[in-house]
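Enquirer: Take a look at this one; I'll ask things after.
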Amino acid sequence: MAFDAEQKGAELGSTLKSHSTSILLGGLIGLFTGGLWGLMFGGFVGFMISRGLRSVVRSINPQEAFFKATFTVMGRIAKADGRVTEDEIQFARDVMLQMRLDESRKRQAIEYFTEGKDADLDLSRLIRPLGMMLKHRPSVKLMFVEILLQTAMADGEVSSPEMQVIEEVCEYLDFGANTVEEVIARVKAQRDFYQHGQAGVDSEVLLKDAYAVLGVEESASDAEVKKAYRRQMSQHHPDKLVSKGLPEEMIELAKEKSQEIQAAYERIKTARK
């Protein structure tokens with residue numbers, strides 16, 4: 001790839017700007033203690049300390065850990081079949097678009113996705129710490145697994161190699177196998193509900209999809225349907241998820257989930273009137 005001086009210059013400028021306060025403080029201390037050379041040395045030390053501290057903060061930040069793990073595992077799933085399909089690449093792009101990432105964060109996401117495609121990458125070192133952070137935040141774990149399943153379904157159904165990756169990740173997260181099967185059924189139902197709605201298929205098919213989205217049988221009572229709806233809305237409420245560790249950039253994904261659940265519930269209520 002050709003060296004792009006303008007792009008590298010812009011990246012350097014952005015990096016220096018983000019650490020400007022530490023560079024300035026370090027430079028001033030250096031200036032008073034060592035003159036011009038002290039100014040330069042102090043600024044450099046301030047930059048290194050700032051960058052190091054930011055790295056430490058990110059390493060223990062659930063939101064940053066979630067962001068990195070999401071795109072890294074998306075890359076691993078996409079490569080699980082041996083070849084990354086255009087549908088899987090497009091899904092990753094769509095997620096980035098929904099998250100409204102700036103250029104810097106988008107480059108990070110792409111780097112993580114690329115790292116994930118490396119079969120030698122040890123996922124346990126990435127996912128186990130996330131699992132510890134989310135130990136008492138099951139709704140955020142659920143959102144993470146749902147995004148992975150959507151990635152696997154981007155090119156159709158979840159293949160055996162893709163499922164192996166998801167099961168491995170769920171083991172590191174301490175996310176129960178039985179729960180995974182339930183989530184797969186709901187994610188498939190959400191996909192079908194959306195696609196069938198866009199295609200204008202028969203209303204009875206859409207109603208069946210709606211029940212599956214809520215995870216209840218058509219024979220369920222009104223009270224059972226309402227309870228399932230409230231449980232799912234609680235699990236996918238954007239503000240609650242962000243407060244528990246979901247990156248704020250992913251709030252649109254949570255909103256979309258909530259809207260699908262709401263639409264499914266409304267269809268069921270209309271059919272039962």
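The values are calculated or read from the model by the stated rules, or taken from the named source; none is laboratory data. For clarity, every value in this text was computed on a predicted model and none was experimentally measured. All Cβ positions, even for glycine, are placed from backbone atoms using ideal geometry, and neighbour counts span all protein chains on display.
Enquirer: What residue, of Ala223, Ala185, Ala254, is touching a residue at least 40 places away in the same chain (Cβ under 8 Å) and either over 30 Å from Leu130 (Cα atoms) or not in a loop (DSSP other than H, G, I, E, B) (or both)? It would help to see each step written out before you state the result.
Expert: On the way: Ala223 fails: touching a residue at least 40 places away in the same chain (Cβ under 8 Å); Ala185 fails: touching a residue at least 40 places away in the same chain (Cβ under 8 Å).
Of the residues listed, the single one that is touching a residue at least 40 places away in the same chain (Cβ under 8 Å) and either over 30 Å from Leu130 (Cα atoms) or not in a loop (DSSP other than H, G, I, E, B) (or both) is Ala254.
Enquirer: A further question follows. Taking the range 114-134 as the search range and keeping residues that are of a type in the set (Lys, Arg) and under 17 Å from the mean Cα position of the chain (by Cα), which one is modelled with the lowest pLDDT? Talk me through it step by step, then tell me what you get.
Expert: Here is the first cut: in the range 114-134, the residues of a type in the set (Lys, Arg) are 117, 125, 128.
Pick out the ones that are also under 17 Å from the mean Cα position of the chain (by Cα) and you get 117, 128.
Details: Lys117: 94, Arg128: 89.
Across the range 114-134, the extreme among qualifying residues is Arg128.
Enquirer: Among the numbered criteria (1) free of Cβ contacts under 8 Å to residues at least 12 places away in the same chain; (2) in a helix (DSSP H, G or I), which one does Glu157 miss?
Expert: Status for Glu157: all satisfied but (2).
Enquirer: Related question: Val140 passes all but one of (1) more than 13 Å from the chain's Cα centre (by Cα); (2) at pLDDT below 90; (3) β-branched (Val, Ile, Thr); which number fails?
Expert: All conditions pass for Val140, except number (1).
Listed here are the residues, each with its yes/no results for (1) small (Gly, Ala, Ser); (2) within 30 Å of Gly75 (Cβ to Cβ); (3) at pLDDT below 90.
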{"site": "Pro161", "(1), (2), (3)": "no, yes, no"}
{"site": "Ile166", "(1), (2), (3)": "no, yes, no"}
{"site": "Cys170", "(1), (2), (3)": "no, yes, no"}
{"site": "Gly176", "(1), (2), (3)": "yes, yes, yes"}
{"site": "Ile184", "(1), (2), (3)": "no, yes, yes"}
{"site": "Leu207", "(1), (2), (3)": "no, no, no"}
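Enquirer: Next up: For the subset of the range 227-251 comprising residues that are at pLDDT below 85 and not in a helix (DSSP H, G or I), which member is nearest to Arg105 (Cα to Cα)?
Expert: Filtering the range 227-251 for residues that are at pLDDT below 85 and not in a helix (DSSP H, G or I), the one nearest to Arg105 (Cα to Cα) comes out as Pro247.
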